[in-house]
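Chemist: Input: one structure, supplied below.
Readers should treat all values here as calculations from the given coordinates under stated rules, not as data from a laboratory. Keep in mind that this is a model prediction, so the values were computed, not measured. Neighbour counts are summed over all protein chains in view; Cβ atoms, including those assigned to glycine, are modelled from backbone coordinates with ideal geometry.
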Amino acid sequence: MEDFYSKDVRKVENKIKGNIGEFDAVEFLKDKGYRILQTNYKTKFGEIDIIAQDGNVIVFVEVKLRSTLAYGRPIEAVDARKQRKIRKVAEFYLMVKHKSESDVRFDVIEVLDNEVNHEINAF
């Protein structure tokens, strides 16, 4: 029973850390002049952490948080499967918002020990 509880505690801790990382990423983008359109956009296809606007470009941002590089850089977790899922959600967002003709970009923001790295056009 203790192991089940430990897993639940870890899930909650990871969710809190993830929320803090996403908050840091939103603030980072705002400081760079981006307009935040939506956070945690969820559909039946998946979720996009941040949808922002950079000039005339709609930017779909995946945020990855790590406390150590033991498992590689955070961006490495955004594999081909994850990229397909994000693209599908982005297409749905553009359709629903009647912005199918908009210029778009897919970025990844890595948060590693309070250091933020913004990979523009990551995929």
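Chemist: Tabulate in residue order the Karplus-calculated ³J(HN,Hα) for segment 55-71, using 6.51 cos²θ - 1.76 cosθ + 1.60 with θ = phi - 60°, rounded to whole Hz; enter x for Gly and Pro.
Modeler: Computed from phi, the couplings for segment 55-71 are x, 9, 9, 8, 10, 9, 10, 9, 9, 10, 10, 9, 9, 8, 8, 4, 9 Hz.
Chemist: Per 5 Å bin from zero, what fraction in whole % of the C-alpha pairs of segment 2-119 is there, up to the bin with the longest pair?
Modeler: Calculated over all Cα pairs of segment 2-119, the distribution is 2, 11, 20, 22, 20, 13, 6, 3, 1, 1, 0 percent.
Chemist: Under a 5 Å amide H to amide H cut-off, with H placed in plane at 1.01 Å, what residues pair with F123 once short-range neighbours are removed?
Modeler: Correct list: F106.
Chemist: Same structure again: Pull out the extension gain between S100 and V57, defined as 0.36 nm times the separation in residues minus the alpha carbon to alpha carbon distance; nm, one decimal. Can you show the working numbers first?
Modeler: Values: separation 43, 0.36 × 43 = 15.48 nm, distance 1.18 nm.
Result for the pair: 14.3 nm of gain on full extension.
Chemist: Could I ask something else about it? Starting from 0.36 nm per residue, how many nanometres of slack lie between K30 and K44 once their C-alpha separation is accounted for?
Modeler: 2.2 nm
Chemist: Around L112, under 11 Å between beta carbons, what's the net of Lys plus Arg minus Asp minus Glu among the other residues?
Modeler: On the way: positive: K64, R66, R73; negative: D24, E110, D113, E115.
Here the charged neighbours net out to -1.
Chemist: Between I20 and L112, what is the label-point separation in nm under the 7 Å Cα-to-beta-carbon projection?
Modeler: It works out to 1.8 nm between the two label points.
Chemist: Moving to a separate point now. For segment 39-123, which GluC sites (Glu not before Pro) are both in a DSSP coil and crowded by at most 10 other Cβ atoms within 10 Å?
Modeler: On the way: sites: E47, E62, E76, E91, E101, E110, E115, E119; in loops: E101.
The qualifying sites are E101.
Chemist: Is there a pair in K32/K85; K64/K85; K44/K97 whose C-alpha atoms are over 19 Å apart, and which pairs would that be?
Modeler: In this structure, K32/K85 lie more than 19 Å apart at Cα.
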